[in-house]
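First comes the structure, then the notes that go with it.
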Amino acid sequence: VQSEAGLSRAFEAIAGEFGGIDVLVNSAGILREGYFETLPVRAHREVMDINYFGVLNSVRAALPHLKRSKQPRIVNIASIAGLTGVFGYSAYCAAKHALVGLSEVLRYELAPQGIVVQLVCPPEFDSPMVDELDRTRTPENREHTLTIPKVAVEVIVAEVLRALGHRQFLTVPGRLARLTSLG
């Protein structure tokens, strides 16, 4: 997702093989956890480059193909951390907040062209990224993240599929996560 040219070639090939692109799901992401004072600036740049600019690059590369689709849709996977702060996630929260903002802008700018933009902000769930993080979390981060329990992947998938069917802009899977995002 870091290579604009690579993405353009990839989407061109996908569109050619499948006769177009109807849906773009942006789900690439990385997380670097640590105290703001000691987390290197390069970690912030790396997270922003993948979690924000990777989505921006993907949307720009797919947009010409989506404009030719009969029912185009962009689904951006952010995080509950894009709606609220989380101890130790200064880089991650900043990138996911930026993605939430980009999604809101795209929603309005692309609607007149018939392109539906949707945003998913899940809490943590079992995944290789979270498994790795669990090994090295700061004590404060571990305590903070326990306030919103992990949600089963099956729950996230079911709620996202329901939201996609209703063209709902924002989906926060998990009842407790939804309640937390309101506060």
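The values are calculated or read from the model by the stated rules, or taken from the named source; none is laboratory data. In this text the structure is predicted, and so the values were computed from the model without any measurement. We place every Cβ from the backbone using ideal geometry, glycine too, and count neighbours over all the protein chains shown. These area figures cover heavy atoms from the full protein model, side chains too; ligands, DNA and RNA do not enter into them. Shrake-Rupley method; radii C 1.70, N 1.55, O 1.52, S 1.80 Å.
All of (1) over 21 Å from Leu39 (Cβ atoms); (2) out of contact with any helix residue (DSSP H, G or I) (no Cβ under 8 Å at 6 or more places or on another chain) hold for Pro149 with one exception: (2).
Is there a residue in the stretch 140-159 that is buried (at least 18 other Cβ atoms within 10 Å of the Cβ), among the acidic types (Asp, Glu), assigned to a loop (DSSP other than H, G, I, E, B) and modelled with pLDDT under 95? Taking every residue of the stretch 140-159 in turn, none turns out to be buried (at least 18 other Cβ atoms within 10 Å of the Cβ), among the acidic types (Asp, Glu), assigned to a loop (DSSP other than H, G, I, E, B) and modelled with pLDDT under 95. From the list Glu109, Glu37, Glu17, Glu12, the one residue that fits, being closer than 27 Å to Asn141 by Cα and more than 14 Å from the chain's Cα centre (by Cα), is Glu37.
The residues listed here are Pro139, Pro122, Pro72, Pro149; of these, the one that is over 16 Å from the mean Cα position of the chain (by Cα), within 27 Å of Phe11 (Cβ to Cβ) and not aliphatic (A, V, I, L, M) is Pro72.
Results for (1) without any contact (Cβ under 8 Å) to a residue 60 or more places away in the chain; (2) open to solvent by 10 Å² or more (accessible area, probe 1.4 Å); (3) out of contact with any Leu (no Cβ under 7 Å at 6 or more places or on another chain); (4) over 25 Å from Ala10 (Cβ atoms), shown as yes or no for each residue.
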site	(1), (2), (3), (4)
Ala43	yes, no, yes, yes
Lys67	yes, yes, yes, no
Tyr92	no, yes, no, yes
Glu109	yes, yes, yes, no
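Looking only at the stretch 162-183, count how many residues are loosely packed, with under 11 Cβ neighbours inside 10 Å and part of a helix (DSSP H, G or I). Looking only at that region, the number is 3. Hey, can you tell me all the residues within the stretch 125-139 that are touching an Asp or Glu at 6+ places or on another chain (Cβ under 8 Å) and surrounded by 12 or more Cβ atoms within 10 Å (Cβ to Cβ)? Hits for the stretch 125-139 are Val130, Leu133, Arg137, Thr138.
Residue-wise test of (1) in contact with a Gly (Cβ under 8 Å, 6 or more places away or on another chain); (2) closer than 25 Å to Val157 by Cα.
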residue: Val59; (1), (2): no, yes
residue: Ser69; (1), (2): yes, yes
residue: Arg73; (1), (2): no, yes
residue: Ile80; (1), (2): no, yes
residue: Gly85; (1), (2): no, yes
residue: Ala91; (1), (2): no, no
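Scanning for something of a type outside the set (Phe, Trp, Tyr), in contact with a helix residue (DSSP H, G or I) (Cβ under 7 Å, 6 or more places away or on another chain), over 21 Å from Arg45 (Cβ atoms) and in a helix (DSSP H, G or I), does the stretch 120-128 turn up at least one residue? Among the residues of the stretch 120-128, not one is of a type outside the set (Phe, Trp, Tyr), in contact with a helix residue (DSSP H, G or I) (Cβ under 7 Å, 6 or more places away or on another chain), over 21 Å from Arg45 (Cβ atoms) and in a helix (DSSP H, G or I), which makes the answer no.
For Asn57, the stated conditions hold: it is touching a Ser or Thr at 6+ places or on another chain (Cβ under 8 Å), open to solvent by less than 50 Å² (accessible area, probe 1.4 Å) and under 27 Å from Tyr108 (Cα atoms).
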